[in-house]
1. Looking at segment 160-179, which of the residues that are more than 20 Å from the chain's Cα centre (by Cα) and aliphatic (A, V, I, L, M) is farthest from Leu100 (Cα to Cα)?
2. Taking Val182 as the residue in question, decide whether it is closer than 17 Å to Val103 by Cβ, buried (at least 16 other Cβ atoms within 10 Å of the Cβ) and touching a Gly at 6+ places or on another chain (Cβ under 6 Å).
3. Could you give me the residue pairs with C-beta distances under 8 Å whose first residue belongs to segment 67-92 and is over 21 Å from Asn255 (Cα atoms) and among the charged types (D, E, K, R), whose second residue is modelled with pLDDT under 90 and surrounded by 12 or more Cβ atoms within 10 Å (Cβ to Cβ) wherever it lies, and which are 6+ apart or on separate chains?
4. List, please: which pairs have Cβ atoms under 6 Å, are six or more places apart or on different chains, and start with a residue in segment 23-42 that is touching a residue at least 60 places away in the same chain (Cβ under 8 Å) and surrounded by 14 or more Cβ atoms within 10 Å (Cβ to Cβ) and end with one that is in a helix (DSSP H, G or I) and among the small types (Gly, Ala, Ser)?
5. Of everything in segment 246-271, what is among the aliphatic types (A, V, I, L, M) and surrounded by fewer than 20 Cβ atoms within 10 Å (Cβ to Cβ)? Give them in sequence order.
6. Would you pick out the residues in segment 109-158 that are among the basic types (Lys, Arg) and within 30 Å of Ala227 (Cα to Cα)?
7. In the set Ser46, Ser68, which member is modelled with pLDDT under 90 and exposed (fewer than 11 other Cβ atoms within 10 Å of the Cβ)?
Amino acid sequence: MSKLNIPVPGKRFVIGVPYAWLVAFFLLPFLILLYISFVDMGNDISPFKPIWDSETGLLKLKYENYWSIFRPNDGGGLFQTIYIEAYLRSIWYALCTAVLCLVIGYPFSYFLARSAPSVRPALLMMVMLPFWTSFLLRVYAWKGILADQGVLNRILMALGLTTEPIQMLYTDVSMLVGMTYVYLPFMVLPLYANLVKMDFRLLEAAYDLGTSPFKAFWLVTVPLSKAGIVAGFMLVFIPCLGEFVIPSLLGGPENIMIGRVVWDEMFTSNNWPRASALAVVMIGLIVIPLAIYYHFTGVAAETRH
């Protein structure tokens, strides 16, 4: 079989375009963020102060912006700060949302992959239909559904299941419902893309060998869909970690996630360096585990080959 020969300039263009995109829209903004995180604003308004001392020829880096994340100003214990609490809460909510999306999205993705090819486009359209509506409007809609005098409470009282409104809005439940609803398509689509390519004759072979349906699903389908599970989990977990709109509208003032803390530090306290330091640490919480995972995944793949 002859190999497809692509001219060298063409290869460089195909590879260079995504790299240029990443440099322009990820690396440069991150470097700017990293620069601001070491700035000492003082009483100035601009966060773009120079960090190079022209007299001594040394860098004037303010590490306090990072140290204050882990050490409270009142002299309390290490790691006992509102920032660490916000990080932990954000990780917990993002993890719960990703698990809920996986539990709900996997059966639907499996059904979508096993459905007739003639109905798949309509089912995929149902998954992508929410993207045609404003993100903010969709979150506000849940606010109207879960409010004390909202749609759900009115239905429950009309059916006689409760005599007074149930507090659903501004709770952990309302925030998880909103985040699961918004990010569910990000779990369904990669799972579907992985499951639709699976050879379902493997399941038939497992049944012929006497395997129960559940055991065949666990030993055949789940391992073959591992790439889709990981991709969907990351696509849900990463944006949920820095989510700001949904916790603000559905979570209430007590459910403080790191996105809200960064917003307050930047626009309420006007402390851009600390807000940038918080964002850099959050990026590190995402990138470092991903890099370790893909490193060991690559090593394992090379070992198998």
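1. Step by step, filter segment 160-179, then rank; the result is Leu161.
2. no
3. From residues that are over 21 Å from Asn255 (Cα atoms) and among the charged types (D, E, K, R), the pairs are Arg71/Thr81.
4. Pairs found: Leu33/Ser276; Leu33/Ala279; Ile36/Ser276; Ser37/Ser276; Ser37/Ala277.
5. Of everything in segment 246-271, those that are among the aliphatic types (A, V, I, L, M) and surrounded by fewer than 20 Cβ atoms within 10 Å (Cβ to Cβ) turn out to be Leu249, Ile256, Met266.
6. Arg114, Arg120, Arg138
7. Going through Ser46, Ser68 in turn, the sole match is Ser46.
The values are calculated or read from the model by the stated rules, or taken from the named source; none is laboratory data. Nothing here was measured: the structure is a model prediction, and the numbers come from that model. Methodologically, a virtual Cβ is constructed for each residue, glycine included, from the backbone with ideal geometry; neighbour enumeration extends over all protein chains shown.
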